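The values are calculated or read from the model by the stated rules, or taken from the named source; none is laboratory data. Values in this document were obtained by computation on a predicted structure and should not be read as measured data. Neighbour counts are summed over all protein chains in view; Cβ atoms, including those assigned to glycine, are modelled from backbone coordinates with ideal geometry.
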Amino acid sequence: MINDSNPILVKYLSLFEELLASDVYALEQSQKEALLLPVLNQLHQLHQQHCQAYQNIVDHHVGDAKKIDELPYLAVRLFKQLNLKSISDENVFKVLQSSGTTSQTPATIYLDKATSARQSKVLVKILQQTIGRQRLPMLIIDSPDILKKPEFSARAAGIQGLAFFGRDHTYALDENMQPNWPVIEAFCQKYAEQPVLIFGFTFMVWLYFIKALQNNGKTISLPNGILIHSGGWKKLIEQQVDNVTFKQTLMATTGISKCFNFYGMAEQVGSVFVECSQGHLHAPIFADVVIRDPFTLKESAMGETGLVQVLSALPSSYPGHSLLTEDLGILKGVDDCLCGAKGKYFAIKGRLPKTEVRGCSDTHSETSL
Ligand SMILES: [Zn+2]
């Protein structure tokens, strides 16, 4: 059991405070790594000590990593297959389940109070850089029923996390996931002249809001609105909708010009990668990315598509600080984005087709790499 007198945990918590005190996007990559790497090394040690499964998987990695890309990582799908936690059962405060489809086992993430609080705090700190500090009237592109379901889904967690930034929370969809036009129109009338926040999952915003407006020949006017959306592009890419099309259609149907996607996962709630004014996803001080060649798993060169490894300084209750995702991404640059933010910036290019990383040859033809 982890307790407050555990020297590794004590050291982790004090190093983490330094991250919290730092500006989210101001440090150059080398300065940032000097702060972030020691935190990740402490988490590696902590989880080795308290999670037998993690220990078994990474036992050839002894000692501290000297560089971020040397840290061991877990395949993200392991959270669907194993109960990975570094706390005792009585310290489990919340169990988060990722929104798997019916054919898929959901990922299960165990949170203690400290990790959960850290996630909320960091999510707020990161998103305040984009949204600002004041609480805005908020239109949520979802059904209020999502919060009533007994299982605590990643979608519900996302809405709860973002709700902090809003007031007068208004749900745009009814229980059948259809636009609730009277509610939407009343919201637009009431707040037409002021900044508002709109939040939803990317595919739902597209299908049940933007396309629904278009298909019904409707437009609304929220010229001071900020849309924040997340949740993956897979379904939109299938419909050949890219970020540019998404933004243009949004502008045409709602007048919203401020639209920011963020990339994050249920296995690392809180440490999100938010799109900047230049359309790039940025790694905040609390997190980083490494792009890896899907076949060799070596770090890819800048501009080359590879698997995205995500690192997060947040999880102390489960070994999720270094994960190899099944997403494909591309590193766009380091320290030199025109928006002014330092550190790495990148883009997501879709998902690895349904196959294991280093999949067997009979599934290889499905990959388009
Ligand atoms: Zn930027």
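Candidates in segment 255-264 are the residues that are more than 24 Å from ILE109 (Cα to Cα) and more than 14 Å from the ligand (Cβ to nearest atom); of these, the one that is nearest to the chain's Cα centre (by Cα) is CYS259.
Quick check, is GLN52 free of Cβ contacts under 8 Å to residues at least 60 places away in the same chain, in the same structural domain as LEU37 (by TED's automatic domain parsing) and not aliphatic (A, V, I, L, M)?
When the stated conditions are applied, GLN52 passes them.
Give me the pairs: first residue in segment 314-337 and within 30 Å of VAL92 (Cβ to Cβ) and touching a residue at least 24 places away in the same chain (Cβ under 8 Å), second residue among the small types (Gly, Ala, Ser) and surrounded by fewer than 22 Cβ atoms within 10 Å (Cβ to Cβ), beta-carbon distance under 7 Å, and six or more apart or on different chains, which are they? From segment 314-337, the pairs are SER316/ALA114; LEU324/ALA75.
Taking (1) touching a helix residue (DSSP H, G or I) at 6+ places or on another chain (Cβ under 6 Å); (2) farther than 28 Å from SER86 by Cβ; (3) aliphatic (A, V, I, L, M) in turn, ALA266 satisfies each apart from (2). Residues of segment 305-330 that are within 16 Å of the ligand (Cβ to nearest atom) and surrounded by fewer than 22 Cβ atoms within 10 Å (Cβ to Cβ): ILE330 alone. Kindly indicate the residue of segment 265-299 that is in contact with a Phe, Trp or Tyr (Cβ under 6 Å, 6 or more places away or on another chain) and free of Cβ contacts under 8 Å to residues at least 60 places away in the same chain and also farthest from the ligand (Cβ to nearest atom) among those meeting that condition. Once the filter is applied, the top-ranked residue is VAL289. If a residue counts only when it is touching a Gly at 6+ places or on another chain (Cβ under 6 Å) and within 27 Å of GLU17 (Cα to Cα), which helices (runs of 4 or more DSSP H) contained entirely in segment 110-195 have at least 1 such residues? Result: 113-131.
Restricting the first member to segment 227-244 and to residues that are farther than 16 Å from SER277 by Cβ and charged (D, E, K, R), and the second to residues that are at pLDDT 90 or above and part of a helix (DSSP H, G or I), the beta-carbon pairs closer than 6 Å and six or more apart or on different chains are LYS235/PHE203.
Looking only at residues that are in contact (Cβ under 8 Å) with a residue 24 or more places away in the chain and in a helix (DSSP H, G or I) in segment 245-264, which one is nearest to VAL95 (Cα to Cα)? Only one residue fits best here, namely PHE246. Annotation for segment 27-36: no member residue is modelled with pLDDT under 95 and either among the hydroxyl-bearing types (Ser, Thr, Tyr) or in a loop (DSSP other than H, G, I, E, B) (or both).
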